[in-house]
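Participant: Dumping the structure here so I can ask a few things about it.
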Amino acid sequence: MNLNNHKLPVAVFASGNGTNFEAIAKADLPIEIEVLVCDHHEAPVIQRARKFQVPVFLSEAQKGVSKADRESKILQRLKEDGVKAIFLAGYMRIVGPTLLNAYPKRILNIHPALLPKFPGRHGIKDAYDADVPYTGVTIHYIDQKIDNGPVIAQEKVPHYTNDSLHDLAMRIHHTEHQLYPNTIRKLIQQGKL
Ligand code: GAR
């Protein structure tokens with residue numbers, strides 16, 4: 001086997017737009033995105049996956065189906081695909097023990113604020129409303145809590161006084177699209193993924 005050509009088989013999980021999915025897919029990383037796991041059939045990220053010929057595994061929440069059952073089906077697919085690491089990219093669900101125990105220290109998340117500040121779904125708006133002089137982006141390992149777990153990388157992003165929320169959001173997304181691929185690259189180079 002030629003180790004130089006070895007690509008790490010990974011999965012990306014996303015719920016929405018998918019600009020971070022696309023940044024990872026476009027970056028010249030030693031990975032193969034085996035599957036996009038998505039929990040919304042209308043999420044724009046699905047079209048982005050098609051553009052990059054990445055298969056989509058749809059896993060929508062259903063009444064009467066537990067998180068454990070839903071995650072078992074995801075896990076089965078990840079195992080079939082030989083997935084070794086998971087990158088959450090705007091995946092708006094808490095990952096449960098089924099996946100956490102199967103991928104210890106192998107599930108990364110991106111959050112649009114400097115954790116532990118401004119966790120949750122509205123990290124950019126919450127920082128904007130709090131009028132902090134800077135906010136940022138965090139890449140971290142996940143645990144059972146929302147936007148929690150050991151930080152791997154953080155980058156500050158300035159919040160200027162005359163910024164609109166849109167200005168700040170654009171600046172943060174720009175940083176996200178660099179920081180996530182660069183952090184993945186470093187972890188692979190360091191043998192941590
Ligand atoms: C990103 O800003 C990501 O940091 C955020 O969702 C957005 C997804 O954008 N994640 C969280 O807020 C996690 N709590 P995208 O779909 O364009 O990649």
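Participant: Mind listing P(r) for region 108-154? All alpha-carbon pairs, 5 Å bins, whole percents.
Facilitator: 5, 26, 34, 19, 11, 3, 0
Participant: When we measure straight from the Cα of LYS26, which lysines land under 27 angstrom away, once same-chain ones fewer than 8 places off are left out?
Facilitator: Partners found: LYS7, LYS51, LYS79, LYS84, LYS105, LYS156, LYS186, LYS192.
Participant: State, to one decimal in nm, how far the label point of GLN189 lies from the label point of ALA68, with both points 7 Å from Cα in the Cβ direction.
Facilitator: Result for the modelled spin labels: 4.2 nm.
Participant: Can you tell me the length gained on complete extension of the stretch ALA130 to GLU42, counting 0.36 nm per residue apart and subtracting the Cα distance? If you can, show how the numbers build up before the last one.
Facilitator: Numbers: separation 88, 0.36 × 88 = 31.68 nm, distance 3.22 nm.
This chain segment gains 28.5 nm when fully extended.
Participant: Another one. Which one, GLY16, VAL35, LEU165, projects farthest toward the positive side of the charge dipole computed for the chain from Cβ point charges (K/R +1, D/E -1)?
Facilitator: Selected residue: VAL35.
Participant: Indicate, rounded to the nearest 5 percent, the antiparallel portion of the DSSP beta bridges found entirely in the chain.
Facilitator: Numbers: 11 of 28 bridges.
Once the DSSP bridges in the chain are tallied, antiparallel ones form about 40 percent.
Participant: What are the radius of gyration and Dmax of region 1-81, computed over its Cα atoms and given in Å?
Facilitator: 13.8, 47
Participant: Considering the Cα positions of the chain, please state its Rg to one decimal place and its Dmax as a whole number of Å.
Facilitator: 16.5, 55
Participant: Which log10 I(q)/I(0) values does region 71-149 give at q = 0.13, 0.19, 0.22 Å⁻¹ under the Debye formula, counting every alpha carbon as one identical point scatterer?
Facilitator: Relative scattering, expressed as log10 I(q)/I(0), comes to -0.44, -0.78, -0.96.
Participant: How much FRET efficiency would the formula 1/(1 + (r/R0)^6) give for HIS166 and HIS6, where r is the Cβ-Cβ distance and R0 is 35 Å, rounded to 0.05? Can you show the working numbers first?
Facilitator: On the way: r = 41 Å, r/R0 = 1.17.
Result of the calculation: an efficiency of 0.30.
Participant: Gap in Å between the Cα centre of region 22-43 and the Cα centre of region 129-193?
Facilitator: 18 Å
Throughout, read-outs are computed from the coordinates displayed, never taken from laboratory work. The structure presented is a predicted model; accordingly, all values stated were derived computationally and were not measured. In this analysis, Cβ positions are derived from the backbone assuming ideal geometry, glycine residues included, and neighbour counts consider all displayed protein chains.
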